[in-house]
Amino acid sequence: MTERDHSAGIWREVIWRGQVALFKGGTFLLALTPLPLIPVIGSLLGSLCFLLLGSRRRVALEGIRGSLSVLPRDSDPARIARGCFANLGSSFIENCKLYHGCAEILDRVEIQGLEEYRKARAKGKGVMFLTGHCGNWELIALTFGYRYDPFVVMVREQKNPYLTRCIEAMRSRYGNTIIYKKTALREMMRLLRNNGVTGMLIDQAVMPSEGYLVDFLGRPAWTTSMPVLMARKCGVALLPAFISREGEGHRIVIHPEVEFASDDPSDEALARDTALLTRYVDDFVRSHPAQWYWVHRRWKNREPAPGRASQHSP
């Protein structure tokens, strides 16, 4: 190692440790927010981000305007976008409090459809919750790990290894297990075969090789086919589940297990079943437009892939 490389390594270490110090200090300060004030402080934080993060604001407004034809008739793009940022602000404060041990947030989560989870779990082939970036989506896994069964959570490693450990500490604090994306598929298959419980966010844009172009909020969007493939390969039960803000707490609604019409391995059938799963997220966003993650560029790369089934509606 050259002297220059050594110096660069020292500076990188200083920057990484500085980032972690800021993370821990900032989250601690936000964790002091009293529970009743989270909506107020979260809204203020969201408004600040709405003003300062111009690129994210433009992505949100563009996405909402492109979906107005399927949203409630009186939908106002600016109001929905501000609500989205307010939800993200409140979620961030809640996650800070959870990081510093405030389990009371998880005690306030109401769950509807728990019997569907128990029926699926009794089959002994594993359970995969299907959800999207809705409400404070982190609370689904945390609540189940804390109150019921350990949840296997797939995460991305950060460039800063110290920050990775901080985030891992919060996500595993309440009984859950962490796996990283590099080895996620193999680990997830093993855990599901042992009747494990996991979840997957199915509302992010993927590469054409990773899914199918299906209808989402009135427009074609590339969507992962991974849950369909895993259900066919190992028989895992797929349970759509969504969390929304309700009053001073949250409500998780668990839908019945998804049953596919056939095991047809064709692209046509896989695209159809992918569209069927996507419809659950679509329904949530239509009824809770301000509680979805509009700041993600969901409709990028909309051209059909050569030789693949393209747009489908359930």
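FYI, it's all coordinate maths here, none of it is from the lab. All values reported here derive from a predicted model rather than from experimental measurement. With ideal geometry, Cβ positions are generated from the backbone for all residues, glycine too; neighbour counts draw on all protein chains shown.
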- Once you have the Kirkwood Rh of region 37-136 from its Cα pairs, apply Stokes-Einstein at 4 °C and 1.567 mPa s and quote D in µm²/s. 80 µm²/s
- Message: If packing is taken as the average count of other Cβ atoms within 10 Å, what order do 245-251, 147-153, 31-37 fall into, highest mean first?
- Response: 147-153, 245-251, 31-37
- Net charge near PRO150: determine it from the other residues with C-beta under 14 Å of the C-beta of PRO150, scoring Lys and Arg +1 and Asp and Glu -1. +2
- Message: Using +1 at the C-beta of Lys and Arg and -1 at the C-beta of Asp and Glu, which of SER244, PRO34, LEU229 has the Cα lying farthest in the positive direction of the dipole of the chain?
- Response: PRO34
- Query: Magnitude of the Cβ-charge dipole of the chain, K/R +1 and D/E -1, about the Cα centre, nearest 20 debye?
  - Reply: 620 debye
- Estimated [θ] at 222 nm from DSSP helical runs (n ≥ 4, -39500 (n - 2.57)) normalised by residues in the chain, nearest 500: -16000 deg cm²/dmol
- Query: Which peptide among 189-200, 214-225, 259-270 comes first, and what is the full order, when sorted by highest mean count of other Cβ atoms within 10 Å?
  - Reply: 214-225, 189-200, 259-270
- Task: Could you bin all the Cα-Cα distances of the chain into 10 Å bins starting at 0 and give me the percent of pairs in each, rounded to whole numbers?
- Result: 6, 24, 33, 26, 10, 2, 0
- Task: Quick one: work out the % antiparallel among DSSP beta bridges in the chain, nearest 5.
- Result: 40 percent
- Pairs of lysines in region 3-291 (C-alpha under 14 Å apart; 8 or more residues apart or interchain): 4
- Note on the structure: So LEU29 and ASN194, fully extended at 0.36 nm per residue minus their Cα-Cα distance, gain in nm 55.4 nm
- Cα lying deepest toward the dipole's positive end in region 158-207, options GLN158, TYR174, ILE202, charges on Cβ: GLN158
- Message: What's the ranking of 50-59, 290-299, 228-237 by average number of surrounding C-beta atoms within 10 Å, highest first?
- Response: 290-299, 228-237, 50-59
